[in-house]
Amino acid sequence: MSVPHDNPKLLRAQYVALSRQLPLMYLVLLLNMWALAATHLPTAPLWLTCAIPLGMTVICVVRACVWLRSSRYLPADTRILASLRRTNQLVPIIAGAFTSWSLALYPYGDAYSQSQVAFFMGITVIVCIFCMMHLRPAALIATLVVNVAFVIFFASTHNPAFIATAVNILLVSLAMLVILQHHYRDFTRLVNVQARTEQLSNENLQLANQDSLTGLPNRRQFFTTLESAMRQAIAGEKRLAVGILDLDGFKPVNDLYGHGVGDKILIMVGQRLLELVGRTVHVARLGGDEFALVLEGDLSDEDLHTFGKTVCEQLRVEFLLVDVPIQIGATLGMATFPQGATSAMQLFEYADYALYQGKRHNPGSMCLFSSGHREQLHRDAITEQALRRAVLDKEFFVLFQPILDSGSRETVAFEALARWDSPELGLVSPGQFIPIAERIGLIGRLTLPLLRQALGMARLWPEGMRLSFNLSVHDCGSADSVQSIIDVIRVSGFNPAYLDLEITETVVMQDISQVQWAIGQFRRLGCGISLDDFGTGYSSLSQLHALALTKLKIDRSFITDIHLNPASYKIVKSLVTLSLDMELECVVEGVETQEELNALRSLGAMQVQGFFFSRPVAFADTLAWLAQTEARRGQWEAGEMLSRA
Ligand code: C2E
Ligand code: MG
Ligand code: MG
C-alpha cells in the first residue's frame, strides 16, 4: 500500500503517469461539481452551491497546476517520493470533501436531483480510479471513502432504486479494483523489465567497450574516442597525437613466470599509464601487450618527446610481483594529426609504423612518425606490391661474402646474402625487402629456395669451407618452418656440420622458449648457430646463455672508425672477451679499412668480414677468390707493413 521507495525506476514511472492523468481528473471533478452545484442553485443555500465549490475549485486548480508543471521536468527521486506520499495523504481529504459536499446537497433536491447526486458520486469515483490507477493506495483510498459513504448513505434512504444503485456502484467499483490490481501488477512488471533491459544494455555497452583484464577502454572504444577527439581537434584547429605502445620483453616474462604474472603486469602497466597521464590523454588496451593513447591538448613535438620519454622510463621501472623484481620495457610509436593523416585509421597506421621503426632501430624509446617515415612507407608499399607479384625462384638469388681468420688470413666461410632482381624495381637490397617479406608473411616461401640455392653452391667449395645463412623471425617461429629448413639441409648433400645459421637478437626476443627449441633442432642436426648483429639488441645475457649458440657476430656499427673511437674500441674489446668467456667463436662484421683491421687484430684472434676484404660476390667469384688466396696473402702483408710504417 505504501509508495515503492526502494524502486526509483517505478517511482519515476508512476510520477510521469500521474502528472499526465491527474490534471485531467481534476478537470472532470470540477466540471461535474459545478454541474451539480448549478442544478441545486435555486434550492440549496449559497454556501453549498457557491462558497464550497469555489474553495474546492481553488484547491483542485492548485493541485492540477502542480501536476501540470511537474510533467515538464522530472525532479529528484526524493522529491518524487515526497510528492507521491503527499498525494496519498491528500486523497482521503479531497475525496471526503467532495463526498460530504455532494451528500450535503441531497436533502435540497427533488428525486431527479437526488439521482444526479448518486450518479455524480458513482461516475466520478470511476474516473478517479482510472486516473489514479498508477498509484494504488490513492485509488483504493478514494474508492473506499466514496463507496463506504455512498452505500451507508443511500442504504439508509430505504429507497429501493437508490439501494440498487448503491449495490450497482459497489459491484462496479469492486470490478474496477480487481482490474486496477492486475493493471498495477503489469505496470510494475513492465517498469522492472524495462529497468533490467536498460541495465543489461548498459552492461553490454560497457563490456563491448572495455578491456576485461585491465578495465581500460578497449580497441573499439579507442577508435570511438579517437574519432571524437579528431572532430574536436578539427573544430578547435588543434593538434592531436596517437600513441601505440608495445611492451618489450613481455613474452619471455609471460613464458617464464606464467600467465597469471603476465596478466598482473598488464594490469600494472595500465595503472602506471593512468597515473602518468592527465585528463587530456586517453589510455586504452588494444590487446596482448599493446596499449594505445590519444593525446589531446595541442602538444608540440617537443612535448610529445618529453611525454614519450617519461612513459618509457616509467615502464622500465621494475615490477615487484614475485620473489625477483621483473623488468620489461616499452616502445612507443606516435603520429600527429592533422599533419599528414586524414583519417583515424591512417593516423593509427602511421603511429603503428613509427612503433615498428622504433622496435627495429631503438627499442625502449619513443619514435615519432616523420616525413622520412612517410616516404619510407610509400617505398615499402611499392616494394610490397612488387614483392607480392615477384616470381620467387627466378628473381631472388644469393651472393656470398667471405669471412676470414684474422690471424691466418684464411677464408673460413662465406655468408650467403640475398638479393632481389626485380623487373619493376631493379636490384633491391635485403634491408629493404626482408622486413616487408617478414611482415606480409612471405619470408617462409623465400627462405627455402634461397637456402636450397646457397647449399647447392656451397657443396662445390673445397671440403671444410663453411656457409653462413641468415634466418628471420618467422623461420624459427613454428615447428613446421623449422622442419622444412631441416628437410632442405638434409636433401642438399651439404654437410650440416659446416653450416652456420644466423639469427638476430630480434628473433631471440620474440619467444625465447620457441627459439630455444628451434636452435636445439638445428644443433642436433649438427649446424652451428651465430648470433648476428650482436650488441644492437636488448636481449639479456641470461637469455643468450640459455641458447645453444656457437658464434657471436659483432655488429658493424661498432667497427666503423674503431681505431679513432676509444668508446667503440672498448665495447668491441668487452664483446670479444665476452665471447671468449662464453666459449663462443667471434666474427667481426663490417671491416672496411686496414686501420680498423689493425685495431681489431690487437684485440686477439677472431674472424673478420667486410668490404675491406671483399664485397658480396656471385658464386663463380667465390671459386676465383679461393683460388687466389696465396696471391692475396702477399698483397695484404705488404699493405699491413705499409700502414704500420
Ligand atoms: P647481415 O646478416 O648482418 O649481413 C651483413 C650485411 O652487411 C650485408 O648487407 C653486407 O653486404 C653488409 N656488409 C658487409 N661488410 C660490410 C662493410 O664492410 N661495410 C658495410 N657498410 N656493409 C657491409 P646486405 O647484404 O644488404 O644484408 C643486410 C641484411 O639483410 C643482413 O645483415 C641480414 O640481416 C639480412 N639478410 C641478407 N640476406 C638474407 C637472407 O637470405 N635471409 C634473411 N632472413 N635475411 C637476410
Ligand atoms: Mg648475417
Ligand atoms: Mg650482421
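The values are calculated or read from the model by the stated rules, or taken from the named source; none is laboratory data. Bear in mind the structure is a predicted one, so any value in this text is a computation, not a measurement. Don't worry about glycine lacking a Cβ; one is built from the backbone with ideal geometry, like all the others, and counts go over all protein chains shown. To get the accessible areas, we keep the full protein, side chains included, count just its heavy atoms, and leave off ligands, DNA and RNA. Shrake-Rupley method; radii C 1.70, N 1.55, O 1.52, S 1.80 Å.
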Does region 163-179 contain at least one residue that is outside any helix (DSSP H, G or I) and not acidic (Asp, Glu)?
no
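Considering every residue within region 196-211, establish whether at least one is of a type in the set (S, T, N, Q) and touching a residue at least 60 places away in the same chain (Cβ under 8 Å).
no
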Condition first: part of a helix (DSSP H, G or I) and either modelled with pLDDT of 90 or more or open to solvent by less than 60 Å² (accessible area, probe 1.4 Å) (or both). Now tell me which residues in region 231-258 satisfy that.
Arg231, Gln232, Ala233, Ile234, Ala235, Gly236, Phe250, Pro252, Val253, Asn254
Take region 296-337 and flag every residue that is of a type outside the set (D, E, K, R), under 30 Å from Lys238 (Cα atoms) and open to solvent by 10 Å² or more (accessible area, probe 1.4 Å).
Gly297, Leu299, Ser300, His305, Thr306, Phe307, Thr310, Gln314, Thr336, Phe337
Answer with yes or no whether Gly477 is within 16 Å of ligand 2 (Cβ to nearest atom) and modelled with pLDDT under 95.
no
Candidates Gly464, Gly477, Gly441, filtered to the one that is more than 19 Å from Trp420 (Cβ to Cβ), more than 8 Å from ligand 1 (Cβ to nearest atom) and within 44 Å of the chain's Cα centre (by Cα)
Gly477
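Can you go through Glu585, Glu592 and tell me which one is open to solvent by 50 Å² or more (accessible area, probe 1.4 Å) and more than 14 Å from ligand 1 (Cβ to nearest atom)?
Answer to the check: Glu585.
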In region 137-144, is there at least one residue being under 30 Å from Gly270 (Cβ atoms), touching a Ser or Thr at 6+ places or on another chain (Cβ under 8 Å) and surrounded by 13 or more Cβ atoms within 10 Å (Cβ to Cβ)?
no
List the strands (runs of 3 or more DSSP E) inside region 318-426, counting only whole elements, that have at least 1 residues being modelled with pLDDT of 95 or more and out of contact with any Ser or Thr (no Cβ under 9 Å at 6 or more places or on another chain).
329-337, 396-405, 411-422
Within region 271-287, restricting attention to residues that are at pLDDT 90 or above and either touching a helix residue (DSSP H, G or I) at 6+ places or on another chain (Cβ under 6 Å) or part of a loop (DSSP other than H, G, I, E, B) (or both), which residue is most open to solvent (accessible area, probe 1.4 Å)?
His282
Where Arg523 falls short, out of the listed (1) within 16 Å of ligand 2 (Cβ to nearest atom); (2) under 21 Å from Asp581 (Cβ atoms); (3) charged (D, E, K, R); (4) out of contact with any helix residue (DSSP H, G or I) (no Cβ under 9 Å at 6 or more places or on another chain):
(1)
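Residue by residue, here is whether (1) small (Gly, Ala, Ser); (2) away from ligand 1 (no atom under 16 Å from the Cβ) holds:
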| residue | (1), (2) |
| --- | --- |
| Gly493 | yes, yes |
| Leu525 | no, yes |
| Leu531 | no, no |
| Ile554 | no, no |
| Asp561 | no, no |
| Val572 | no, no |
Confirm whether Asn470 is of a type outside the set (Ser, Thr, Tyr) and within 16 Å of ligand 3 (Cβ to nearest atom).
yes
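Okay, residues lined up against (1) more than 58 Å from the chain's Cα centre (by Cα); (2) free of Cβ contacts under 8 Å to residues at least 12 places away in the same chain; (3) assigned by TED's automatic domain parsing to the domain that holds Ala111:
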site: Gln14; (1), (2), (3): no, no, yes
site: Arg20; (1), (2), (3): no, no, yes
site: Pro23; (1), (2), (3): no, no, yes
site: Ala37; (1), (2), (3): yes, no, yes
site: Pro42; (1), (2), (3): yes, yes, yes
site: Thr49; (1), (2), (3): yes, no, yes
site: Gly55; (1), (2), (3): yes, yes, yes
site: Ala64; (1), (2), (3): no, no, yes
site: Leu68; (1), (2), (3): no, no, yes
